[in-house]
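To start, the structure itself, in structure tokens.
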Amino acid sequence: MAITYTPVEIRGEAVSPIIQEVMFANKTVNKGLVNFADDVKADTIITEAAITVAGQAYTGEALTASGGPVLKDRRAIPKKIEYKYEFKMEALRSSRFNRDMASGAWNIDSNEFNSQVLAMTGPKVSEDAQLKFWAAFSTTTKAAIAALTPGAGQGSITAAAQTAVAGYTADPAGVDGVLSRVLYDETALGAYIKVTGTTVTSSNIAAEYAKIYAAIPADLLEAAEQPKMYAPYAHKQLIKVANNAVGAAQQVNFLVEGSGDNEVISYNGIIIEFVPMPTGFVYVNQPSVIFWSTDSMADVASFQTGKVKNDGDVMFARTIYTLDATVMNQANGVLYGG
Amino acid sequence: MAKEKKEKVNPFDKGVTYLDVFECLEGKSIKEYCKNFDLTDEQVEFLEKDFEIFKQSKK
């Protein structure tokens, strides 16, 4: 794709810095919202372990054994994803960017363009990687979910969730994100604790989060590592509107501490992290059981440029990284909307 | 031979699917059917919407 540019012929000064598009920061990586397994070149095994014990009356005789270790392996197989676009610096020759081009017809490289426009490539790819991590569905998983028979109770997917998944575009690189892994665990419906959902508004969000909180296993709430609620971005606004209802006494159902980048929102002591979770779903589990597997965490925010052909001026920009999402201890996880 | 009456299933029981519920409806609405069970208004309201989505997806 060439540079899409609506330039104004340069006369005099141009305002610096260039106004960049607003992007969601990759908080998942920047703030360490989940568990990161890097240095995964091809695939890796992640194991969850539990022990079941059963007390029996002592007899002094050789008891029949009961209980024992319960182990489950899941395989993280990072998918390789590439982004590439092409551009020609020649398109910038009559724009503001010509101000720092060296003289000479050969010289059409602009440091301002490189540092302020091209440099957005990294954060943009990183934003997309975060989106894939939480919300991507592969063609295979979409088909598997479509083949399930829905139901209202535990052990079935709701028709609303099934229809929502059917409407998503399959990830071209075959990535399955967290929601996909939770809804469909390798070969069958996931073992999530189901909380049936509805359209969340500022009027009902407190009641809906009460349902989610009530479904969290009691022993998880007592664990040293507290679970987190991973919610769609839109819930932040709904929560704040709910907390500050116009004309009503303030109902502080959600605790909002700090501001800006340091703001922390929680419900009954459980921190809510706002991520690109698809609308209608909220997932609750311990951060350490949600894995972002990759070859190198640095890949996702870096890119390379170069000439497509040595005897031409068309440039490319490419980013390559690998990614897989794995969710362990799924029987402890609560999925609202599933 | 009399048609065997299918035992009514609670839609919110674990493992019960909408196909199971559909077979037990006998022409009743979901709201009517739910009177057989101790369900909250919220559960019935959810079931009406979700079952409708299920029926639409099967068309």
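I'd like the full set of residues that are under 20 Å from A:ILE77 (Cα atoms), touching a Phe, Trp or Tyr at 6+ places or on another chain (Cβ under 9 Å) and of a type in the set (Ser, Thr, Tyr), limited to the range A:286-309.
Listed by number, the residues that qualify are A:SER293, A:THR294, A:SER296.
Quick check on my filter: what residues within the range A:167-199 are β-branched (Val, Ile, Thr), in contact with a helix residue (DSSP H, G or I) (Cβ under 6 Å, 6 or more places away or on another chain), modelled with pLDDT of 95 or more and within 17 Å of A:GLY280 (Cβ to Cβ)? Steps first, answer last, please.
Within the range A:167-199, the first condition is being β-branched (Val, Ile, Thr), and the residues that meet it are A:169, A:175, A:178, A:182, A:187, A:193, A:195-196, A:198-199.
After this cut, where a residue has to be in contact with a helix residue (DSSP H, G or I) (Cβ under 6 Å, 6 or more places away or on another chain) as well, the list is A:175, A:178, A:193, A:195-196.
Now narrow it down to the ones that are modelled with pLDDT of 95 or more: A:175, A:178, A:193, A:195.
Answer for the range A:167-199, where residues must be β-branched (Val, Ile, Thr), in contact with a helix residue (DSSP H, G or I) (Cβ under 6 Å, 6 or more places away or on another chain), modelled with pLDDT of 95 or more and within 17 Å of A:GLY280 (Cβ to Cβ): A:VAL178, A:ILE193, A:VAL195.
Among the numbered conditions (1) at pLDDT 90 or above; (2) surrounded by 11 or more Cβ atoms within 10 Å (Cβ to Cβ), tell me where A:VAL300 comes up short.
Among (1) at pLDDT 90 or above; (2) surrounded by 11 or more Cβ atoms within 10 Å (Cβ to Cβ), the lone unmet condition for A:VAL300 is (1).
Take A:GLY155 and decide whether it is surrounded by fewer than 17 Cβ atoms within 10 Å (Cβ to Cβ), within 11 Å of another protein chain (Cβ to nearest Cβ) and under 22 Å from A:VAL334 (Cβ atoms).
Yes: the conditions hold for A:GLY155.
Looking at the range B:23-59, which of its residues are under 14 Å from A:ALA159 (Cα atoms), more than 10 Å from chain A (Cβ to nearest Cβ) and either within 12 Å of the chain's Cα centre (by Cα) or among the small types (Gly, Ala, Ser) (or both)?
Once the filter is applied, which keeps residues that are under 14 Å from A:ALA159 (Cα atoms), more than 10 Å from chain A (Cβ to nearest Cβ) and either within 12 Å of the chain's Cα centre (by Cα) or among the small types (Gly, Ala, Ser) (or both), the range B:23-59 yields only B:GLU48.
Out of A:GLU90, A:GLU82, I need the residue that is within 21 Å of A:GLN304 (Cα to Cα) and loosely packed, with under 11 Cβ neighbours inside 10 Å. Which one?
A:GLU82
Are there any pairs, at least 6 apart or on different chains, whose C-beta atoms fall under 8 Å, with the first in the range A:161-174 and within 14 Å of another protein chain (Cβ to nearest Cβ) and the second surrounded by 13 or more Cβ atoms within 10 Å (Cβ to Cβ) and basic (Lys, Arg), and if so, which?
A:VAL165/A:LYS142; A:ALA166/A:LYS142
Only residues that are assigned to a loop (DSSP other than H, G, I, E, B), crowded, with 22+ Cβ neighbours inside 10 Å and touching a residue at least 24 places away in the same chain (Cβ under 8 Å): list them for the range A:128-152, please.
Result: A:ALA136, A:PHE137, A:ALA152.
So which strands (runs of 3 or more DSSP E) are wholly in the range A:40-113 and hold at least 2 residues that are in contact with a Gly (Cβ under 6 Å, 6 or more places away or on another chain)? Full working, then the answer.
Working: elements: A:44-53, A:67-76, A:79-88.
Correct list: A:44-53.
Identify the single condition in (1) more than 14 Å from every other protein chain (Cβ to nearest Cβ); (2) of a type in the set (Val, Ile, Thr); (3) under 25 Å from A:PHE291 (Cα atoms); (4) in a loop (DSSP other than H, G, I, E, B) that A:VAL125 does not satisfy, given that it satisfies every other one.
(4)
The values are calculated or read from the model by the stated rules, or taken from the named source; none is laboratory data. These figures come from a predicted structure and were not determined experimentally. Note that we place each Cβ from the backbone using ideal geometry, even for glycine, and neighbour counts take in every protein chain shown.
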